[in-house]
Each structure stands twice: as structure tokens, then as C-alpha cells.
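Here is the structure we will look at.
Read the figures in this text as sums done on the coordinates, not as results from a lab. Note that the coordinates shown come from a computational prediction; the quantities given were computed from them, not determined experimentally. We place every Cβ from the backbone using ideal geometry, glycine too, and count neighbours over all the protein chains shown.
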Amino acid sequence: MAAANSSDSSIPSTPPPLSSSKENVTPIGSKLAELNESRSELLGRIQGLKQDLQSWRSNLDTQVKVYHDELSELKKSLNTEVDQLRSEFQDLRTTLQQQQEDVTTSLRNLGDVSGEKKEAQDTEEPNVSTKVDEAKEGES
């Protein structure tokens with residue numbers, strides 16, 4: 001209509017006849033009713049989706065909190081076990097060092113005793129061999 005008005009500016013625009021205006025109003029009213037109904041349905045769906053999303057977030061937050069609490073408990077438990085194992089290993093290390101020192105001391109003492117026996121054998125052997133030699137000489 002704007003193109004027609006701009007090309008022919010001498011003809012004034014006339015309103016459409018009254019009967020055609022009524023015919024146009026009826027379909028517009030039904031279209032508005034359809035659009036309002038569709039809008040209401042969409043708003044209802046959006047509200048439902050918002051509630052679903054909020055519920056999902058709430059459930060997710062709850063689950064995350066539960067998992068976080070469980071992990072915290074597991075961490076505490078593992079830390080306790082690690083501390084206990086460290087203590088046990090330290091006790092074992094101390095025990096092994098003490099046993100090593102005891103074995104070293106025993107070996108030194110055994111070495112000293114063996115050395116004394118060897119010295120005693122060394123001093124006895126010439127006497128024994130001398131006695132054997134003397135016995136052989138006496139027989140001849």
C-alpha cells in the first residue's frame with residue numbers, strides 16, 4: 001500500500017469497506033486466541049523445565065556433597081593408616097638396627113673367642129707335636 005501511495009499521490013487512500021473489515025477481524029481474533037493458548041502452553045513447559053532443572057541441580061548438589069563427605073572420610077582413614085604404617089616401619093627399622101648391632105657384637109665376640117682358641121691351639125700344637133716326636137724317639 002505504501003508503494004501505491006507513493007506512486008499516485010493525487011488519489012487519497014480510502015478505508016476498506018465495513019464488511020471486509022469484519023471478515024478480517026474474525027480470523028485475527030481466532031489467531032490471537034491460538035497464539036495466546038500456544039504462549040500459555042510454552043510458558044507452562046518453560047516453567048516445568050525450570051523446575052526440572054532446579055530439581056536436577058539440587059539432586060546434583062546433594063550428590064556432590066555426599067561424595068565430598070565420603071572422600072573426606074576416606075582421606076582421613078587413609079591418612080590414619082599411613083601414619084600407622086609409618087610408625088610400624090619405624091619400629092621395624094629400629095628393631096632391625098638393634099638386631100644388626102646384636103649380630104655384629106656376637107660375631108665380634110665369636111671372633112675374639114675363635115682367636116683365643118686359635119692362639120690356644122697354636123700354643124698346644126707344638127707341645128702335642130713335640131710329645132709325638134719325643135714318643136717316636138723313645139721307641140727307636
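If the chain linking SER40 and ARG86 were pulled fully straight, counting 0.36 nm for each residue of separation and taking away their Cα-Cα distance, it would gain 9.8 nm. Each Lys or Arg adds one and each Asp or Glu takes one away; over the other residues whose Cβ falls under 14 Å from the Cβ of THR95, this sums to -3.
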